[in-house]
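The values are calculated or read from the model by the stated rules, or taken from the named source; none is laboratory data. Just so you know, these numbers come straight off a predicted model, no measurement behind them. Glycine also receives a Cβ, built like all others from the backbone with ideal geometry; neighbour counts cover every protein chain displayed.
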Amino acid sequence: MGQRLNTKLSMNQDEVRSVISTRFLRPGFEFWFTDHEHIRSPFPKAIMEAVEEKTCTTFFEWIGGHKEEELQKIADNEMVEMFETILFNEAMKLVDDEDQQLTISYPFLPRLGDKVFNHLNESGEVTYRQAVVAKDNAAQLELTIINEGTGTSWKTRFELSQT
């Protein structure tokens, strides 16, 4: 079992909020709002301030719904998971554009403008993407890619799964 939030009975609400912000919120926002080698931030800069505010409010409401004894039993990884769930849900409420919604929902998949390579079609750039439902009712992301050398387009699909 993972580590747990270790609050002391003598801590007041402000101190508990400070500990939670230091251990979960600040590092979480820093990670998800910054590009890294293996992942780019899925959040548009225009919504970062609002999503941070809404996420903090909702997260502390969730915390406030627990008794101190219950909070002490929640493992750190469960706190992180709840933070990320709230973060992504709040971000989805702030974007209307389907492409931004796809980026937030599937931050690890190719985005518009990304360069991709396929052995048959070689290098290309993603010019269009959309969520589609396959014949077997599986959700998929369909990409349209323009070959950089020939200008011809080709399509590919990825199965989508929410984790």
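A few points about this structure:
- Here Gln101 fulfils each of the conditions (1) more than 30 Å from Glu142 (Cα to Cα); (2) out of contact with any Phe, Trp or Tyr (no Cβ under 6 Å at 6 or more places or on another chain); (3) surrounded by 13 or more Cβ atoms within 10 Å (Cβ to Cβ) apart from (1).
- Top-ranked residue in the stretch 105-118 [being of a type in the set (A, V, I, L, M, F, W, C) and exposed (fewer than 13 other Cβ atoms within 10 Å of the Cβ); ranked as nearest to Lys93 (Cα to Cα)]: Phe108
- Residue pairs meeting the criteria (Cβ under 8 Å; at least 6 apart or on separate chains; first without any contact (Cβ under 8 Å) to a residue 12 or more places away in the chain, in the stretch 124-140; second assigned to a strand (DSSP E or B)): Val133/Ala139; Val133/Gln140
- Any hit, the stretch 145-157, residues being free of Cβ contacts under 8 Å to residues at least 24 places away in the same chain, aliphatic (A, V, I, L, M), surrounded by fewer than 15 Cβ atoms within 10 Å (Cβ to Cβ) and farther than 27 Å from Pro27 by Cα: no
- Scanning the stretch 42-51 for residues that are of a type outside the set (Phe, Trp, Tyr) and either out of contact with any Pro (no Cβ under 8 Å at 6 or more places or on another chain) or not assigned by TED's automatic domain parsing to the domain that holds Gln100 (or both) yields Pro44, Lys45, Ala46, Ile47, Met48, Glu49, Ala50, Val51.
- A single member of Asn121, Asn137 is out of contact with any Gly (no Cβ under 7 Å at 6 or more places or on another chain) and loosely packed, with under 15 Cβ neighbours inside 10 Å, and it is Asn137.
- Pick from the stretch 31-47, criterion surrounded by 15 or more Cβ atoms within 10 Å (Cβ to Cβ) and under 16 Å from Leu112 (Cβ atoms), ranking: farthest from the chain's Cα centre (by Cα): Pro44
- Looking only at the stretch 30-49, residues that are aromatic (Phe, Trp, Tyr), in contact (Cβ under 8 Å) with a residue 24 or more places away in the chain and either assigned to a helix (DSSP H, G or I) or closer than 23 Å to Arg17 by Cα (or both) come to 1 in all.
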